[in-house]
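What follows is calculated from the coordinates using simple rules that are stated; it is not laboratory data. What you see is a predicted model; the values in this text were computed from it and never measured. Every residue, glycine among them, receives a Cβ derived from its backbone with ideal geometry; neighbour counts consider all protein chains shown.
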Amino acid sequence: MKTGFEAIVIMIMLLVIMSDNSNASSFQLRSKTIYVSKLGSNTDGASWQTAYTSIQAALNAVPDNSGGHKIIIRPDTYFEANLFPAYKGAKNAYDEIIGDTDGKLASGTTGSIIIDSGDPGQKGFKSFDWWGTIRSTSEGWSPLHKEKTFSAIGWDRWKFKKLYVTGGDAGIFFDMTDHVEPFSVIVEDCVSIGRAFGGGVASCLSRTEEPITFRRCHLWSLDWWGDTAGAYIRVENQKMPDSPDAIFEDCTLVGPQCALKSSNFGFHTYSHIQLSKCQLIALNFSQPAGTPTDGIIQSVQEGKLLRVDLEDCNLMGYKVFGVIKNKDTVKQIAFTTKGDVKAYVQFQQEVPAGIHRMGGWPVEVFQSIVPKLPPIPTIFAERQLVRKDLCEVTPFVWKGRLCQMECIRPASGGSGNDYYLVLRDVESGAEFARCGVGYGLASLLVNRDEILVFASRWNADGWYNVTLLRSKDLKNWKSSLVVEGENEQIFNSSVCKSPSAFVMAYESNDPKYPPFTVKFARSTDLLHWKKIPEATFGTNRYTACPCIRYSKGYYYVLYLEHRTPRWCFETYITRTHDLIHWELSSANPVIRPEGLDEGINASDPDLVEWKGKTYLYYDSGDQLSWMNVKRAVYNGSLDNFLQSWYVNPGIPDWGSSGSKSLK
């Protein structure tokens with residue numbers, strides 16, 4: 001039997017548990033997940049299909065300060081700067097901003113989430129007047145600075161995970177400016193690069209139970225002059241605290257001037273920083289007569305304002321500790337060492353007691369400055385150069401041989417005789433047919449024992465119509481106009497066969513839509529074609545160079561996306577049952593420019609299956625002055641290649657279905 005007192009205690013405990021469970025359930029109901037993807041509809045952010053196309057839009061959509069909200073971002077490049085959230089997070093319920101680098105959160109792809117805070121006009125990195133990834137400004141800092149002071153305190157109790165941040169004055173760096181208040185943040189598995197600071201905080205107070213924390217991060221500064229460091233921490237303590245304000249775990253801190261810095265000119269406040277399993281590298285390896293750094297770890301104003309606790313850390317640079325202003329106070333920097341703490345410095349410099357001096361170049365330490373990035377997904381076994389200084393190649397199989405049709409033309413101008421089509425055997429390189437003088441931007445279809453070429457006619461003022469050139473003996477060619485433009489030029493075209501008809505995709509600069517738009521026509525005999533006015537793709541953005549194929553109930557179209565605002569072009573894939581409702585692959589892009597010989601372009605896709613493999617031909621170049629033809633090899637059938645892009649759910653093309661346009 002329980003006593004009355006014991007029974008009361010048990011009842012109270014049950015009520016507390018029930019209350020906690022109720023609060024937990026209520027919290028779960030209140031928390032919100034918001035998605036960001038360049039493929040989304042930019043509507044409500046509630047799914048990958050309806051995702052916001054910008055990170056700031058998602059930050060604006062955080063509903064309240066109850067905490068636990070998540071922003072999940074698809075791998076891509078996001079040109080955004082001066083980000084700020086609508087609300088802070090909450091104690092024990094941090095809001096999170098997460099990159100789906102490994103695809104485990106169903107974005108459909110893998111890779112880096114790059115937040116590029118460079119110049120919005122695409123002129124390069126921007127490091128001027130408080131411009132960075134995290135918004136924080138201070139009125140009067142510069143004669144050109146007109147904005148009111150803005151504090152980064154709104155990021156209190158947020159967690160950052162798996163982001164690659166670069167392009168501005170600072171990376172994941174929080175300046176509270178005129179809000180010197182308690183501040184906590186967690187940054188994990190991020191690459192953070194800034195001119196001045198890779199990461200850190202300034203002008204805040206800390207929470208003993210919730211220290212500022214960076215884990216498994218690469219933090220880089222790029223400048224050697226002025227206020228700069230791989231990581232910068234300045235907490236406004238009036239005396240040195242016993243517990244650390246900020247913790248760095250398994251991080252790499254790199255900068256030309258120093259790896260870690262605290263304090264500032266005119267500030268007399270104290271900061272306590274703990275580093276565990278970190279690599280600290282100051283890239284200035286000068287000699288004493290040159291311009292050496294003041295230290296791998298620096299306190300700006302005076303030494304006593306900084307304490308560092310080092311555990312299992314490696315340091316590289318000119319010397320270990322330094323003070324910029326009151327240099328003779330360097331020995332006042334308080335530090336502790338635990339475990340394996342080593343330093344590689346200039347041979348004349350002192351290494352403080354408790355730190356082991358390395359005599360030989362620490363290869364592994366220096367190698368750690370290169371962050372390990374998530375792999376860019378690819379299904380291609382290799383890439384091969386096909387032809388230099390050429391555009392538009394169509395691969396095809398003719399009489400058991402792999403062949404290609406080459407569109408020969410000058411880079412610009414010329415006469416009609418400079419434009420023609422060459423058919424060539426791939427293995428021997430021998431030309432075996434020529435046709436289409438005055439034509440280009442062509443595609444080719446083999447139908448039984450006949451070759452059919454669909455080409456646009458070149459005029460000095462542009463490209464017009466689609467003409468069919470056909471032949472069985474490849475000597476005598478018949479021609480007929482099959483698609484005529486209507487107040488438009490027609491560029492590339494492509495034809496495929498389905499069970500019921502032949503379908504053509506052709507590229508138009510119809511002034512009703514952005515350049516370029518893909519239109520469609522249908523034929524049952526390849527000679528007579530009927531346009532399908534209701535069938536279009538890309539009426540909401542640039543979609544060029546279509547290549548159409550049919551497989552198991554779907555029409556697949558590979559096409560060119562201009563990845564604005566960059567001058568960069570990638571091949572994407574979409575599919576449809578009816579040529580009206582389109583579904584983008586969530587795994588896009590199919591192929592992007594890579595390496596030193598592909599420029600900024602992977603355009604003009606075309607496909608052929610040959611001996612159990614699929615070859616994707618594409619053009620590399622700069623879209624302005626040079627172009628080379630390459631091909632990527634997929635070890636599988638064409639059907640498998642097309643279907644492989646839809647293992648995960650696709651994304652409706654919102655412009656084609658009447659919803660809000662993609663950005």
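Hey, what did the chain get for relative contact order, percent, Cα under 8 Å, at least 6 apart? Here the relative contact order equals 7 percent. Couplings 3J(HN,Hα) for segment 602-611, derived from phi with the Karplus relation 6.51 cos²θ - 1.76 cosθ + 1.60 (θ = phi - 60°), are 9, 10, 6, x, 8, 10, 8, 9, 8, 6 Hz, where x marks Gly and Pro. The chymotrypsin sites (Phe, Trp or Tyr not before Pro) of segment 205-270 that meet both conditions, a loop assignment by DSSP and at most 12 other Cβ atoms within 10 Å of the site Cβ, are TRP225, PHE265. Could you name the aspartates and glutamates in cross-link range of LYS530, using Cα to Cα under 19 Å and dropping any fewer than eight places away on the same chain? List returned: GLU484, GLU486, GLU488, GLU507, ASP510, ASP578. Here segment 117-367 yields Rg over Rh of 0.95, to two decimals, using C-alpha coordinates and the Kirkwood radius.
Of the trypsin sites (Lys or Arg not before Pro) in segment 113-219, the ones in a loop by DSSP (not H, G, I, E or B) with at most 10 other beta carbons within 10 Å are LYS123, LYS146, LYS148. Computed on segment 477-540, with alpha-carbon pairs under 8 angstrom and 6+ residues apart, the relative contact order is 26 percent. Residue-wise HN-Hα couplings along segment 229-244, as the Karplus relation 6.51 cos²θ - 1.76 cosθ + 1.60 with θ = phi - 60° gives them from phi, are 5, x, 9, 10, 10, 9, 9, 8, 7, 7, 8, 5, x, 6, 9, x Hz; Gly and Pro carry x.
With the convex hull drawn over the C-alpha atoms of segment 34-83, the volume per residue is 72 Å³. Taken over the C-alpha atoms, the chain has Rg and Dmax values of 30.7, 108 angstrom. For segment 459-501, the list of GluC sites (Glu not before Pro) that fall in a loop by DSSP and count at most 14 other C-beta atoms within 10 angstrom reads GLU484, GLU486.
Helical content alone sets the calculated 222 nm signal of the chain at -2000 deg cm²/dmol, taking -39,500 (n - 2.57) per DSSP H segment of four or more residues and averaging over every residue. Under 5 Å from the amide H of THR177 lie the amide H atoms of ALA152, each residue being 5 or more positions distant or on a separate chain, with H modelled from the backbone and absent for Pro and chain starts. Volume per residue for segment 540-599 equals 104 cubic angstrom (convex hull of Cα atoms).
If you count the DSSP beta bridges with both ends in the chain, what percent of them are antiparallel, to the nearest 5? In the chain, DSSP labels about 50 percent of beta bridges as antiparallel.
Derived scalar couplings between HN and Hα for segment 405-411 equal 9, 10, 8, 8, 6, x, 4 Hz in order, rounded to whole Hz, by the Karplus curve 6.51 cos²θ - 1.76 cosθ + 1.60 (θ = phi - 60°), x for Gly and Pro. Close amide-amide hydrogen proximity is noted between VAL62 and ALA86, each under 5 Å apart and 5 or more residues distant or on a separate chain (H modeled in the peptide plane; Pro and chain starts excluded). By other beta-carbon atoms within 10 Å, ranking CYS391, CYS547 with the fewest at the front produces CYS391, CYS547. Plainly put, segment 479-567 has a radius of gyration that is 0.98 times its Kirkwood radius, both from alpha-carbon atoms, as the Rg/Rh ratio.
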